[in-house]
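Report on the structure given below.
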Amino acid sequence: MEKGIRRFFFLTLLFIVFFSFSTDLSRRQGGGFISDGSSYFSIIQSLAYDYDLEYTRQDIIRIKEEFRVGPLGLFLKKGADGKIYFSKSYAYPLCAAPFYRLFGTHGLLLFNGLMLFLSLLMGYRMLMQYHPQKNSFAFALVFVLATAIPVYIWWIQADLFNFFVMFAGLYFFFFPFKNPRWFYVSAAFFSLSVFSKPSNLAPIGIVYLILLYRKHWKRFIILSVISILLCSALLMVNYVQTGEFNFMGGERRTFHGVYPFEKPGNRFEAGFKMTADNYWERFFLSPKIVILNMFYYFFGRFTGIFIYFFPAVFILILFFFQRKIPEDWFVLAAIIVASLVFIILDPTNYFGGSGSVGNRYFLSIFPLFFFLGYRDRIFKYALFPVVIAIIFLSGTYLDSLYQSTFARTAGMSFPIRLFPAEKTQYQTLQSNENPRAFGRLVRDGNRKAWVHFINDNFWPIEENSFWTNGDKTLELFIAIPEQFKEFQVMVKNNPLPNTVTIQIEHQMKKIRLAGDQETTVKFKNLNGLDTKERNVYYVKIKSDQSYCPYFSDPDNEDKRVLGANIHIGFQ
């Protein structure tokens with residue numbers, strides 16, 4: 001290792017240590033949690049102090065002592081014995097618990113930082129076996145840091161862990177160790193990866209087929225046996241602890257604000273039921289949804305890997321212009337299968353839900369791209385992903401904790417907002433974390449529709465209509481239980497002469513209005529997205545003029561900046 005590179009890794013490690021111990025995670029997060037962090041933290045503290053997965057009153061006391069807001073979105077289940085257990089995979093908490101027991105929440109930041117550090121180190125060591133050190137070092141940095149991954153250092157949940165264990169498993173699988181027994185360490189990481197995210201079984205299984213292709217029968221059998229034994233041990237611990245192999249099995253509920261055992265009257269049944277029962281009865285997939293999801297997977301505003309994980313796209317493109325060996329096609333197959341598992345089997349939430357910065361489920365797939373054609377990697381354009389990261393993710397890097405807390409921020413910012421919003425994900429998008437924006441019921445006579453605002457450029461709904469926020473562009477999805485032949489958009493202008501542009505799907509109309517004028521604009525022959533239960537349409541509205549009653553009328557206390565008032569009707 002060159003002296004300069006060695007210094008970089010030393011200083012990076014030093015930074016991680018001092019960053020971890022100088023940062024009060026609870027205070028920085030306002031005493032609350034990010035996304036599913038409350039569930040994972042709850043398991044971490046239980047394993048660290050009680051050495052079990054059972055939820056008790058002592059758990060909620062400890063959690064609230066550390067994070068005063070409480071574990072919003074806590075997942076619990078009731079076992080056959082009547083006791084309550086945590087209902088998330090304990091793979092990440094098991095590895096993080098020693099750090100928490102020793103150093104508190106500082107230890108969790110340290111653990112996350114070390115996973116990033118070791119991923120960089122493994123990536124560098126992997127490439128330098130086949131390429132010059134400087135190229136290997138630079139590309140490892142670009143792969144890990146020119147993405148949304150650094151943002152996840154704040155997250156007390158399994159996503160960064162899923163990236164790390166998959167990366168480490170692939171590293172030990174492919175690295176040419178002098179002592180061949182190190183190869184079998186990959187089984188430990190792969191087993192943790194599968195237990196943490198069961199869908200990882202598909203791509204890992206394809207990677208194992210490389211051993212059969214190479215006719216390494218002994219290695220394949222031993223690695224498979226070790227993996228099966230380790231996965232079985234993880235499942236058995238869950239069974240012994242909770243009475244079930246499936247950590248999401250049983251009667252599963254989520255809790256917000258009111259928690260069992262916190263007060264004498266707080267019952268488990270008060271939680272919101274979260275179950276996979278009748279999933280296949282509710283499951284719906286169409287060719288249009290598959291095609292849209294494949295497009296959004298790459299270019300979606302809130303989830304697209306082109307925006308949040310461009311090195312993956314970059315490697316994929318270069319792969320087709322470089323020399324390949326047969327094993328590379330197995331890795332490509334693993335990438336395709338892993339992606340399709342989410343796109344097809346979870347078509348309404350392939351990315352991790354409204355709390356995600358980008359596609360957090362992709363973090364367990366992303367390491368596969370690093371090992372796609374790594375022996376013959378092209379470095380000529382390796383800085384291009386840095387340029388893309390600067391264009392799209394500068395704001396996310398500089399304000400990473402805020403954008404983790406309010407994940408919709410990135411998708412509403414320039415230039416990311418120029419990309420299409422994911423219509424197929426309308427019920428789970430990051431924009432829905434604003435409660436005023438999610439699934440607001442509006443009526444047109446006896447007909448019902450649900451509005452999902454994609455950005456915050458609106459004022460609260462009043463009597464089935466809403467004002468746009470000044471001259472800012474408003475985007476929304478409107479979901480209707482059935483197809484209608486005609487949309488009738490009733491527009492009321494503010495007191496100033498104005499031009500209002502309205503777009504529904506691909507039809508756009510521009511209308512000029514006098515002050516306070518009202519008119520109706522009709523749209524016909526529109527084809528929305530059929531999601532079985534509802535038809536979803538994309539709507540975009542732009543008022544050229546802004547008007548604030550507070551500054552225009554001395555007696556008016558309304559401080560809203562108004563554009564146009566909109567009511568959407570349909571026939």
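What is the dipole size for region 434-570, taken about its Cα centre, with +1 at each Lys and Arg Cβ and -1 at each Asp and Glu Cβ, in debye to the nearest 20? Don't skip to the end; give the middle numbers.
Details: 19 positive and 18 negative charges, 109 e Å.
Roughly 520 debye, rounded to the nearest 20.
Which is farthest toward the positive dipole end of the chain among Phe247, Gln45, Ser364, measuring Cα position about the Cα centre, with Cβ charges +1 (Lys, Arg) and -1 (Asp, Glu)?
Looking along the dipole axis, the top candidate is Ser364.
Whole angstrom only: what separates the Cα centroid of region 1-65 from the Cα centroid of region 497-518?
51 Å
Suppose each label sits 7 Å from its Cα in the direction of the beta carbon; what would the Lys134-Thr473 distance come out to in nanometres?
Distance between label points: 4.3 nm.
With everything on Cα atoms, drop me the angle between helix 326-345 and the longest principal axis of the chain, reported from 0 to 90° to the nearest 10.
Taking the Cα atoms of the chain, the angle to 326-345 is about 40 degrees.
Which shape class applies to region 434-570: rounded if a/c is under 1.5, otherwise prolate when a/b exceeds b/c and oblate if not, where a ≥ b ≥ c are the square roots of the Cα gyration tensor eigenvalues? Show your work: numbers first, answer last.
Values: a/c = 2.11, a/b = 1.61, b/c = 1.31.
Prolate shape, in that a/c is at least 1.5 and a/b is the bigger ratio.
Within 10 Å of each candidate Cβ there may be at most 16 other Cβ atoms; applying that plus a DSSP loop requirement, which chymotrypsin sites (Phe, Trp or Tyr not before Pro) in region 197-255 survive?
Passing sites in region 197-255 are Phe245.
What are the lysines whose alpha-carbon lies under 17 Å from the alpha-carbon of Lys492, with same-chain residues fewer than 8 places away excluded?
Lys472, Lys509, Lys510, Lys522, Lys540, Lys542
Does anyone have the angle between helix 384-398 and the longest principal axis of the chain? Alpha-carbon axes, 0 to 90°, nearest 10?
Long axis of 384-398 versus the principal axis of the chain: about 70 degrees.
Please name whichever of Ser191, Leu209, Leu121 sits farthest to the positive end of the charge dipole of region 113-242, dipole taken about the Cα centre and charges placed at Cβ: Lys and Arg +1, Asp and Glu -1.
The one lying farthest along the dipole's positive direction is Leu209.
How big is the charge dipole of the chain about its Cα centre, in debye rounded to the nearest 20, if each Lys and Arg gets +1 on its Cβ and each Asp and Glu gets -1 on its Cβ? Mind dumping the intermediate values first?
Working: 59 positive and 42 negative charges, 350 e Å.
With only Lys, Arg, Asp and Glu charged at Cβ, the dipole is about 1680 debye.
In the chain, with Lys and Arg counted as +1 and Asp and Glu as -1 at Cβ, which of these residues, Val561, Phe306, Leu332, has the Cα nearest the positive end of the dipole, that is, farthest along it?
Leu332
Hey, what do the phi angles of region 408-421 turn into as Karplus ³J(HN,Hα) couplings, whole Hz, using 6.51/-1.76/1.60 and θ = phi - 60°, x for Gly and Pro?
Whole-Hz 3J(HN,Hα) from phi for region 408-421: 5, 4, 4, x, 9, 9, 6, x, 4, 5, 6, 7, x, 6.
Please give, to one decimal in nm, the separation of the simple spin-label points placed at Phe19 and Val386, each 7 Å out from Cα toward the Cβ.
About 1.8 nm separates the two model spin labels.
The list (i) 52, 45, 24; (ii) 43, 29, 24; (iii) 43, 32, 20 gives values of semi-axes √(5λ) of the Cα gyration tensor in Å, and only one came from this structure; which label was calculated from it?
(ii)
Which net charge results for the neighbourhood of Phe295, defined as the other residues with beta-carbon distances under 12 angstrom from its beta-carbon, given Lys and Arg at +1 and Asp and Glu at -1? Intermediate results must be reported in sequence, preceding the final value.
Values: positive: Lys288, Arg301, Lys423; negative: Glu422.
Every neighbour counted, the sum reads +2.
So for each of 438-444, 100-106 I average, over its residues, the number of other beta carbons within 10 Å; can you give me the resulting order with the highest mean first? Before the final figure, lay out the partial values.
Working: 438-444: 15.7, 100-106: 17.4.
Descending packing order for the listed peptides: 100-106, 438-444.
Can you tell me the relative contact order of region 434-570? Whole percent, Cα pairs under 8 Å, sequence separation 6 or more.
On the way: 344 pairs, mean separation 41.0, N = 137.
The normalised contact order for region 434-570 reaches 30 percent.
Show which lysines lie in cross-link reach of Lys197 when reach means a straight Cα distance below 20 angstrom and same-chain residues fewer than eight apart are skipped.
Lys77, Lys88
Show me, for region 39-52, the HN-Hα J-couplings you get by feeding each phi into the Karplus relation (A = 6.51, B = -1.76, C = 1.60, θ = phi - 60°), rounded to Hz, glycine and proline as x.
5, 5, 4, 4, 6, 4, 5, 5, 5, 5, 10, 9, 6, 8
Is region 143-202 best put as rounded, prolate or oblate by its Cα gyration tensor, with a ≥ b ≥ c the root eigenvalues, rounded for a/c under 1.5, and otherwise prolate when a/b is larger than b/c, oblate when not?
Taking the square roots of the gyration eigenvalues as a ≥ b ≥ c, region 143-202 is oblate.
Whole angstrom only: what separates the Cα centroid of region 77-124 from the Cα centroid of region 411-449?
33 Å
None of the figures in this text is laboratory data; all of them are computed from the coordinates on show. What you see is a predicted model; the values in this text were computed from it and never measured. Every residue, glycine as well, gets a Cβ built from its backbone with ideal geometry; the counts of neighbours run over all protein chains shown.
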